[in-house]
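Laboratory data are not the source of any read-out in this text; all were calculated from the coordinates shown. Just so you know, these numbers come straight off a predicted model, no measurement behind them. When we count neighbours, we look across all protein chains shown, and the Cβ atoms used for this are built from the backbone with ideal geometry, even at glycine.
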Amino acid sequence: MELPRKVAVGGGVVMELPDICKDLKLLPRAVIVTGPNTEKVVGRTIFELLEESGFQPETLITSASKMDEVERAKDLAREIGAGFLIGAGGGRSIDIAKLASVRGNIPFLSVPTAASHDGICSAQASLTVNGETTSVPAQAPLAIVADTKIISQAPARLLAAGCGDIISNYTAILDWKLAHRLRNEEYSEYASALSGMTAQMIVELAPEIRPGLEESAKIVLKALISSSVAMSIAGSSRPASGSEHKFAHAVNLIAPARALHGELCGLGTIIMMYLHGGDWKMIRTALSQVGAPTVAAQLGLDAETVIEALISAHKIRPDRYTILDTGLNRKAASRAAEATGII
Ligand SMILES: [Zn+2]
C-alpha cells in the first residue's frame, strides 16, 4: 500500500513546505514543475521559500501533458542531481512531476492549485499519447501540500468538477461489486467503504459547497485525498473509477477538450446510476447543488455524442468489467440519457 507520508491541508500551508521537505530529509536540489499561469499563482512562491531555506530549486515550466515534457523534467532532475520534484499546478504539472519521479526514481511532492480531480493526490497520472488521454500508473506523492487560501481562488468550475470526480465513486463501487459477483474480481470491503463514505459526504455537504470559500475547498480536498487513499488500499483505481469514467473518456475521444474530467464523470454517474437501478436523482441534485453540469448541452455536447459515447465506452479499458459490459444497445442508451435528462 503506497500512501503519502505528509499531508498538509489548510490556509497558508504552502509556507510550511520548506519545513516539510526538511522533515522528509530531502536533498537540497529540486525541480519545480509548474505551468505558465500556476508559476505566478504558486510556483514562484515555492521557489523563493525553498531558496530562502537553503534548498537549490530549478523551475521547469511545462505546457502540455505529453511524454516529451515528462522526459524534460526527468532530464533536468538528473542534470542538476535533484533529490525530489515538486508538481505545482492544477493537474498537468503534478502529473508530469509524478511520471518524471517514477522514471527518475526520486520522490515528488504535490502542491495543487485547484481541487478539480483526484490526480492531485493519487498514484495515477493522466497523459496525452497519440492525441488520446490515457491513465498511466505512477506513484503516490511523498507529501501533499494543499493551501486552501490558494485553491479557494481557483475558478468555480474546477471545484464543481472535483465534486463530480468524487461523486463518481458511487457508481465505481457498484461496478466493482458487479465485477466481483460476476467475474470473481478481487474486491476490498475497506477500500469500497472508504470510497463510498467519501462520496456520500460530498453529497450530504453539497448544499454548503461554494466556490471562493476556504472551508469548501478544504471539504473537497479532503474527499479527493480520501478517494486516493481508497485507491491505495485497493492497489488500483477501482474504488474511484468505473463505467462513469469510461463514459468520460469515450466523450473525450469523440469530442476532445470540451469538458473537464470531473464534469464528464458527474454526467456519467447520473446515467450509470440509472443503469444500475439506483437513486440517480440524488446524484443529479448533488451535482447541481455544487454547480456542476447535469445536462450535456451545458458542456456543448449534443445527443449523438452522448449516445455514441455510451455505446462505445465499454471498449475503453476492456479488462475493467462494468455495467456497460452487460450489453447496452443504442435504443437503451438513448432511453437512459433521455430519462435522466442528460440529453
Ligand atoms: Zn477521475
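Legend: calculated FRET efficiency, A303 to E2, from the Cβ-Cβ distance at R0 = 41 Å, rounded to 0.05, equals 0.50. Within the listed set G131, G262, G164, the Gaussian network model of the chain (springs between alpha-carbon atoms below 10 Å) gives the highest mean-square fluctuation for G131. Contact order, relative form, for the chain: 16 percent (alpha carbon pairs under 8 Å, 6 or more residues apart, mean separation divided by residue count).
In this simple spin-label model, placing a label point 7 Å from the Cα along the Cα-to-Cβ direction at both R210 and D19 gives a separation of 3.1 nm. Counted over the chain, the DSSP beta bridges are approximately 20% antiparallel. Build a GNM of the chain with springs between Cα atoms under 10 Å apart, and of G11, G278, G327 the one that fluctuates most is G327. The long axis of helix 243-254 is offset from the longest Cα principal axis of the chain by roughly 80 degrees.
Can you bin segment 1-150 into rounded, prolate or oblate? Criterion: square roots of the alpha carbon gyration tensor eigenvalues sorted a ≥ b ≥ c, rounded for a/c under 1.5, prolate for a/b above b/c, oblate for the rest. Let's see the in-between values first.
On the way: a/c = 1.42, a/b = 1.26, b/c = 1.13.
Rounded, because the longest to shortest axis ratio a/c is under 1.5.
Is the shape of segment 139-239 rounded, prolate or oblate, going by the alpha carbon gyration tensor and its root eigenvalues a ≥ b ≥ c, with a/c under 1.5 for rounded and a/b larger than b/c for prolate? Prolate.
A straight Cα-to-Cα reach below 22 Å connects K6 with the lysines K22, K25, K98, K149, K218, K222, residues fewer than 8 places away in its own chain not being considered. Annotation for D319 and D279: the two label points, set 7 Å from Cα along the Cα-Cβ direction, are 3.6 nm apart.
Taking the highest mean first, how do the peptides 118-127, 282-291 order by number of other beta carbon atoms within 10 angstrom per residue?
Numbers: 118-127: 24.6, 282-291: 21.0.
Result, highest mean first: 118-127, 282-291.
Multiply the residue separation of V129 and R103 by 0.36 nm, subtract the distance between their alpha-carbon atoms, and state the gained length in nm to one decimal. Please list the in-between numbers first.
On the way: separation 26, 0.36 × 26 = 9.36 nm, distance 1.68 nm.
Length gained between V129 and R103: 7.7 nm.
Computed from the Cα positions only, the extents of the chain along the three principal axes stand at 63, 37, 37 Å, in decreasing order. The overall shape of segment 156-339 is oblate: from the C-alpha gyration tensor, with semi-axes ordered a ≥ b ≥ c, the ratio a/c is 1.5 or greater and a/b is no larger than b/c.
Taken along the Cα-to-beta-carbon direction at a fixed 7 Å, the label points for E186 and R44 span 4.8 nm.
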